[in-house]
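Participant: Here's a structure for you.
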Amino acid sequence: MGISAAHAETMSGALARAYGNNPSLNQQRAGVRATDETVAQATADYRPTVSVTGQYGVANFAATGAGAGAGLFGGSVLTEPSNVAVTVTQTVFDGNRNYNGVRQAESNVFGARENLRNTQEVVLQNGATAYMNVLRDTAILDLRKNNIIVLEEQLRQTRDRFNVGEVTRTDVAQAESSLASARSDYFTAQANLQTSIAGYRQVIGVQPTRLQPARTIEALLPHTLQQAVFLGLSEHPAVQAALHAADAAALQVKLAEGQLYPKVTVSGSAERDWNYFYEPGLKAFIGAVTGQVTIPIYTGGSVDAQVRQAKELYTQARIQADVQRDAVRANVVTSWGLLDAAKAAIKSNEAAVKAAVIALEGVREEAKVGQRTTLDVLNAQQTLLNARVSLVSAQRDRVVASYVVMAAIGRLDAANLRLDVVQYDPTVHFDQVKDKWIGLRTPDGH
């Protein structure tokens, strides 16, 4: 394709691109930042609320009857009454709903971070799979192309031998049929490669250039299946997210119960009036501080139902955590088995390729002296091709399986893979907004 080595891509480089540019990963990061704001919202309940109201109008006050004069409440007066009031309200106690609300928001943030880690693992695993798919399908396409060249030469030789009477028309037809099938397989391999390229572009974000061979990451994996299962159950983000969801559900029970506790608030207000009571020029200032206690006696059973519902949802969340543990355990065992199978398949296919090469050479020599037919040669050629295709697929499967196992135990991330990227730290945005009192702009300026 004329691409220089300077433009060649490596697995680490491709995964670094996916880590920085993949839209699925970036939208999940935005979701975590949005969840961070729920802590600021919950914390706001600790703070006072301040409101300012203003009022202005035109009024005509007319009094009739005996003794109605032009003073206060007397006669006809056209005034412009107006006032400005400032009110400050502070919640003193609300059944610990503020406290539990903040804790629940924090649990949701922690869960969102774990979901982000899970998305990151999926993206990196898909990136490694897409990379190896392109390598595999490129190699298979090359094998199919070389097979066409070999079969074209085989057909030419068969026709030459037919012209001198060494073989029959049947041999020529068999060679022609094999060549036609090889061309069909080539076009299928070409379509498969285009599909893999499209998948690569979707995950990595760019067209694949000349991809360098990739190695397995088995050196980063635990030495035994038991260790892998233990790490998966303790570190996998899906399990951690489920546990944080259970914590949030437990706090929702306390939030619902908090509605049955008394609520205490304190309000302070200051009001300035002009043309007070429609009296031109009369000014007034009103200041007040009031405390209010609200004690729920009976809520019609609504709050009770909310408490019972929250308890059932908490039970569901705990069970969901167990479901996630079972899913992770099964995934680790399955992916570990696929890795072992891929390693065994490589050894078997390497032996098959060596044997097929020897067999093809022998069949060709025997065919020259009439001991083998053209069909025997074609079958031996096809056997060798199939063995080489199987070997390429097994090599791809081993690399992909190593990434799958790494993801299954919850350790497929930029740090462990040592990707050359600036790692995204969700705590930075959280620290920027969790105690923010005012401001409409996001930390990045939007």
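Read-outs throughout are calculated quantities, based only on the coordinates presented, and are distinct from any laboratory measurement. The structure displayed is predicted, hence computed values, not measured ones. Ideal geometry is used to build each Cβ from the backbone, glycine not excepted, and the neighbour counts take in all protein chains shown.
Participant: To the nearest 10 degrees, how steeply does helix 11-21 sit against the main Cα axis of the chain, on a 0 to 90 scale?
Facilitator: 30
Participant: Running a GNM on the chain with Cα contacts under 10 Å, which residue among M406, M132, M11 ends up with the highest mean-square fluctuation?
Facilitator: In this elastic network of the chain, the residue with the biggest mean-square fluctuation among M406, M132, M11 is M11.
Participant: Still on this structure: State, as an integer percentage, the relative contact order of the range 170-293 based on alpha-carbon contacts under 8 Å between residues 6 or more apart.
Facilitator: With pairs under 8 Å counted, the relative contact order is 12 percent.
Participant: Let me know the shape class of the range 207-252, please: from the alpha-carbon gyration tensor, a ≥ b ≥ c as square roots of the eigenvalues, rounded when a/c is under 1.5, otherwise prolate if a/b is greater than b/c, or oblate.
Facilitator: oblate
Participant: Same structure again: Among N22, N386, N416, whose mean-square fluctuation peaks in a Gaussian network model of the chain (Cα, cutoff 10 Å)?
Facilitator: Between N22, N386, N416, it is N416 that shows the largest mean-square fluctuation.
Participant: Then there's this: Quick one: length gained pulling V88 to Q432 fully straight, 0.36 nm per residue minus the C-alpha distance?
Facilitator: 121.2 nm
Participant: Explain nothing, just compute: Karplus ³J(HN,Hα) = 6.51 cos²θ - 1.76 cosθ + 1.60, θ = phi - 60°, for every residue of the range 347-359 in order, whole Hz, x for Gly and Pro.
Facilitator: 4, 5, 6, 4, 5, 5, 5, 4, 5, 5, 5, 5, 5
Participant: Can you show me the helix-derived [θ] at 222 nm for the chain, built from DSSP H runs with n ≥ 4 at -39,500 (n - 2.57) apiece and divided by the number of residues, rounded to the nearest 500.
Facilitator: Counting only the DSSP helices, I get -23000 deg cm²/dmol.
Participant: Once you compute Rg and the Kirkwood Rh from C-alpha atoms, what is the Rg to Rh ratio for the range 265-398?
Facilitator: Result for the range 265-398 is an Rg/Rh of 1.75.
Participant: Counting other beta carbons within 10 Å of each Cβ, put T87, T294 in order, fewest first.
Facilitator: The order, fewest Cβ neighbours first, is T294, T87.
Participant: Quick one: if you stick a label point 7 Å off each Cα along the C-beta vector at R272 and K311, how many nm between them?
Facilitator: For the pair R272/K311, the computed spacing is 5.5 nm.
Participant: Which whole-angstrom value gives the distance between the alpha carbon centres of the range 269-292 and the range 294-356?
Facilitator: Answer, in whole Å: 63.
Participant: Output ³J(HN,Hα) for the range 384-394: one whole-Hz value per residue in order, computed from phi by the Karplus curve 6.51 cos²θ - 1.76 cosθ + 1.60 with θ = phi - 60°, and x for Gly and Pro.
Facilitator: 5, 4, 4, 5, 5, 5, 5, 5, 4, 5, 5
Participant: Using only the Cα atoms, work out Rg/Rh for the chain, with Rh taken as the Kirkwood radius, to two decimals.
Facilitator: Value, to two decimals: 1.30.
Participant: Go ahead and set up a Gaussian network model of the chain, Cα springs under 10 Å, then flag whichever of S51, S269, S177 fluctuates most.
Facilitator: Evaluated over the chain, the most mobile residue of the options is S51.
Participant: Hey, what's the Cα Rg ratio for the range 322-434 versus the globular rule of thumb, 2.2 N^0.38 Å?
Facilitator: Here the Cα radius of gyration is 1.81 times the empirical estimate.
Participant: Cβ under 12 Å from K283's Cβ, K283 left aside: what net charge do those residues give with Lys, Arg +1 and Asp, Glu -1?
Facilitator: Here the charged neighbours net out to -2.
Participant: Tilt of helix 169-204 relative to the longest C-alpha principal axis of the chain, in degrees (0 to 90, nearest 10)?
Facilitator: Its long axis makes an angle of about 20 degrees.
Participant: Taking amide H atoms as placed 1.01 Å from N in the peptide plane, list the residues 5 or more away in sequence, or in a different chain, whose amide H sits under 5 Å from that of F61.
Facilitator: Under 5 Å from the amide H of F61: V77, L78, T79.
Participant: I've got another one for you. Given R₀ = 51 Å, FRET efficiency for Y424-V164 by Cβ-Cβ distance, to 0.05? Could you put the intermediate results ahead of the total?
Facilitator: Details: r = 72 Å, r/R0 = 1.41.
The value I calculate is 0.10.
Participant: Over the range 123-177, consider all pairs of different Cα atoms and compute the Kirkwood hydrodynamic radius from their mean reciprocal separation; express it in Å, one decimal.
Facilitator: It is 13.6 Å.
Participant: May I pose another question? Just grab the label-to-label distance for A219 and S234, each label 7 Å out from Cα along the Cβ direction, in nm (one decimal).
Facilitator: Once both label points are built, they end up 2.5 nm from each other.
Participant: From the phi angles alone, apply the Karplus equation (6.51, -1.76, 1.60; θ = phi - 60°) to the range 260-274 and give each ³J(HN,Hα) in whole Hz, x where the residue is Gly or Pro.
Facilitator: Running phi through 6.51 cos²θ - 1.76 cosθ + 1.60 with θ = phi - 60° gives 8, 8, x, 10, 10, 10, 10, 10, x, 9, 9, 10, 10, 10, 10 Hz.
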